[in-house]
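Take a look at the structure below.
The values are calculated or read from the model by the stated rules, or taken from the named source; none is laboratory data. Model, not experiment: these values are computed from the prediction. Virtual Cβ from ideal backbone geometry, glycine too; neighbours counted across all protein chains shown.
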Amino acid sequence: MTVRLEREGAVAHLIIDRPDKRNAFNQSMWLALPRLVEEADADETLKLILLRSSTPGMFCAGADIGELLAQKDNADWRSANQAAINDAQYVLTRASKPTIAFVDGDCIGGGCGLALACDIRVATPRSRFGITPAKLGLVYPLHDTKLLVDLVGPGQAKRMLFTGMLLSADEAAKIGLIEEIADDSTTLIESLTNASSHSARGVKGFIRRILDGQVADDVDTLDAFAEAFTLPDFLEGTTAFVEKRKPQFR
């Protein structure tokens, strides 16, 4: 399979493995991704989801242009393909567990969309980022465009989308497209797996509400805040603080 799920301790690895096509996503991969994300999200032994490539120096070249060209006159296929892409991005964006994209190499088009759909992006110094519909005569999907605007603002989003330019890792970090430049994601993974999963899920849900337009508390957010005081993670976290030790969250 060209995209698969592997487990390593508390980490779910979503692995892109199509090196002969520079990890370009075809329709079968878009269709497979939501099921794999949902499987990882439902596994209570896992604390985070890491999206990465199986091949060093190669993240994802985007959508499979050969497939798009071959099916350009098939309206039914185009509609199904767009629905599959939208569903994959939507499910990844709204996974309850924290998600990390570890980018090593080119992260282009739909590949950049996958990275945008994750919570945090870590890239190696040799990585490059670009969203290139302007070079293909296409229009980037609205959901993906919103993810980009949420990260870098409308001005930088327009600069990237109007030109199809490629950004170095340094420039991507400068405009807020990625959060960290590092040779691996080990330090971040350790920090996340040692922290409270309940806190991460709760805060992630709040941030998603804010990005979707919510500006004030409602009954659900107030209840979520109050409930945390009654749960085991709060007791363990506060006890560890008083005892001057590291908490051991479940």
- [ ] Out of the residues in the range 234-250 that are in a loop (DSSP other than H, G, I, E, B) and not charged (D, E, K, R), state the one that is nearest to A224 (Cα to Cα).
- [x] F249
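Do any helices (runs of 4 or more DSSP H) entirely within the range 1-107 hold 1 or more residues that are at pLDDT below 95 and surrounded by fewer than 23 Cβ atoms within 10 Å (Cβ to Cβ), and if so, which?
Numbers: elements: 27-42, 65-70, 75-93.
Passing ranges, in order: 65-70, 75-93.
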Task: strands (runs of 3 or more DSSP E) enclosed by the range 114-218 - at least 3 residues per element that are in the same structural domain as F59 (by TED's automatic domain parsing) and buried (at least 16 other Cβ atoms within 10 Å of the Cβ) - done: 120-123, 128-130
